[in-house]
Amino acid sequence: MKKQVFVTREVFGEVLDFLASHFEVTANQEDTIFSGEALVQALADQEGVLTTITERIDESLLIRCPKLKAVCNIAVGYNNIDLAACTARGVMATNTPGVLDDTTADFTWALILATARRLNEAEACVREGRWDKWKLKQFLGLDVHHATLGIIGLGRIGQVVARRAMGFEMEVIYHDVYRASPEIETACRARYAAKDELFRRADIVTIHIPYSRETHHAVGASEIALMKKSAILIHAARGGVVDDAALVEALRKGAIAGAGLDVFESEPALHPGFLERKNVVLSSHIASSSEKTRFKMAMMAAENCVAALSSGNPPNLLNPSVNKK
């Protein structure tokens with residue numbers, strides 16, 4: 001009998017066809033969000049699952065789904081998966097690194113430009129019929145060219161964002177837990193800076209670190225307080241890295257000029273204060289959402305699942321120690 005695999009959210013038909021050539025597949029093409037008891041029941045007899053950031057895979061679920069051997073996330077981030085619990089129970093966990101770097105970096109720049117130049121405010125003015133004449137001082141924004149870009153996290157995506165900055169002739173500084181190699185710094189034309197220095201000096205701060213217990217509210221009231229009043233904050237990483245309440249308060253007080261946000265702490269719910277601010281560009285966690293990239297992500301997760309349940313060695317294994325148990 002074929003092994004059973006569950007796909008938790010709607011995916012491309014070609015991905016389901018690929019999975020079906022190897023497994024007995026149950027697919028949630030209605031795109032219902034499974035959580036809690038419903039997710040447990042859906043996975044009770046499954047050996048593999050393709051997950052997204054909306055499904056929490058933890059010890060309590062794994063205890064009740066003893067057949068599960070592979071959890072394949074359709075995302076590069078994996079804070080929805082308890083890796084320690086997976087390893088303890090012999091469950092392989094995978095993600096989809098690499099394929100979304102350029103697309104996410106492109107969207108980061110969309111947020112940078114839209115926020116710096118107040119595009120959402122100008123568009124609303126036109127759409128609402130309030131634009132009655134050209135004005136010298138209308139929607140004055142922040143120049144991106146020759147500005148100082150501060151990158152929190154010079155990983156794969158952060159590096160691509162830094163390289164894009166060359167076209168704007170920007171000074172690029174970065175902060176990370178570990179300093180990048182001289183080769184990477186040279187390729188990105190980026191200089192390492194202490195965290196406080198980065199927040200003080202940058203005209204634009206953009207965040208590219210994963211979410212974890214260690215990075216919860218890594219950017220909070222104390223960091224935002226260091227920023228220039230003319231600076232903007234860009235966040236397209238993971239909700240929870242930024243203290244949303246602290247950011248709302250800073251925007252309300254005019255402590256910084258604006259923010260461009262693709263992720264939120266309790267998404268799809270968000271702090272109501274963001275909706276009250278005109279100087280915030282908001283989007284719905286779509287930084288990787290181009291057709292080609294989302295297809296590649298889903299297919300990579302499917303390939304990880306096939307490899308995990310056939311050879312036990314998926315290419316993007318997050319917990320390699322599971323194979324030593």
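Points to keep in mind about this one:
- Cα principal axis extents for the range 233-282, largest first, Å: 24, 18, 17
- Solvent-accessible area per residue, Å², over the range 102-191 with all protein chains present [probe radius 1.4 Å]: 59
- Peptide packing for 18-25, 107-114 was compared via the average number of neighbouring C-beta atoms within 10 Å per residue; ordered from the highest value, the list is 107-114, 18-25.
- Dipole check for the range 105-252: with +1 at the C-beta of Lys and Arg, -1 at the C-beta of Asp and Glu, and the Cα centre as origin, the magnitude is about 320 Debye.
- Within the accessible area of the range 160-251 (1.4 Å probe), percent carbon and sulfur: 54
- Extreme residue, positive dipole direction of the chain, given options A298, P210, F6 (C-beta unit charges): P210
- Semi-axes of the equivalent ellipsoid of the chain are 39, 22, 18 Å, computed as sqrt(5λ) over the eigenvalues of the C-alpha gyration tensor in descending order.
- Charged-residue dipole, Cβ positions (Lys, Arg, Asp, Glu), the chain about Cα centre, Debye nearest 20: 680
- Size of the range 25-85 from its Cα atoms: along the principal axes, largest to smallest, the extents are 31, 26, 19 Å.
- Exposure of D17 as accessible area (Å², to 10), given a probe of 1.4 Å and all protein chains: 110
- Over 25 Å apart at the Cα level, from the set K137/K195; K133/K253; K133/K228; K195/K253; K2/K67; K229/K278, are K137/K195; K133/K253; K133/K228.
- Reach of K292 by Cα under 14 Å, taken over aspartates and glutamates that are not fewer than 8 positions away in the same chain: E14, D101, D102, D106
- Net charge contributed by nearby residues that have their C-beta within less than 12 Å of G240 (K/R +1, D/E -1): -3
- Sorting the segments 216-225, 294-303 by their mean number of nearby beta carbons within 10 angstrom, highest to lowest, gives 294-303, 216-225.
- Considering only Y178, V281, L142, and ranking their Cα positions along the charge dipole of the chain that arises from unit charges at the beta-carbon of Lys, Arg, Asp and Glu, the one farthest toward the positive end is L142.
- In this Cβ point-charge picture (+1 for Lys and Arg, -1 for Asp and Glu), the range 164-220 has a dipole of about 100 debye about its Cα centre.
- Value of D in µm² per second that Stokes-Einstein yields for the range 170-221, Kirkwood Rh from Cα pairs, at 10 °C (1.306 mPa s): 131
- Over the range 15-56, the Kirkwood radius and the radius of gyration, each from Cα atoms, give a ratio Rg/Rh of 0.95.
- Of the chymotrypsin sites (Phe, Trp or Tyr not before Pro) in the range 165-194, those whose Cβ has at most 15 other Cβ within 10 Å and which sit in DSSP loop: Y178
- The angle separating the long axis of helix 291-310 from the principal Cα axis of greatest extent in the chain is about 30 degrees.
The values are calculated or read from the model by the stated rules, or taken from the named source; none is laboratory data. Values in this document were obtained by computation on a predicted structure and should not be read as measured data. Note that each Cβ is placed from the backbone with ideal geometry, even for glycine, and that neighbours are counted across all protein chains shown. Side chains are part of the model used for accessible areas, which takes the heavy atoms of the whole protein and leaves out ligands, DNA and RNA. Shrake-Rupley method; radii C 1.70, N 1.55, O 1.52, S 1.80 Å.
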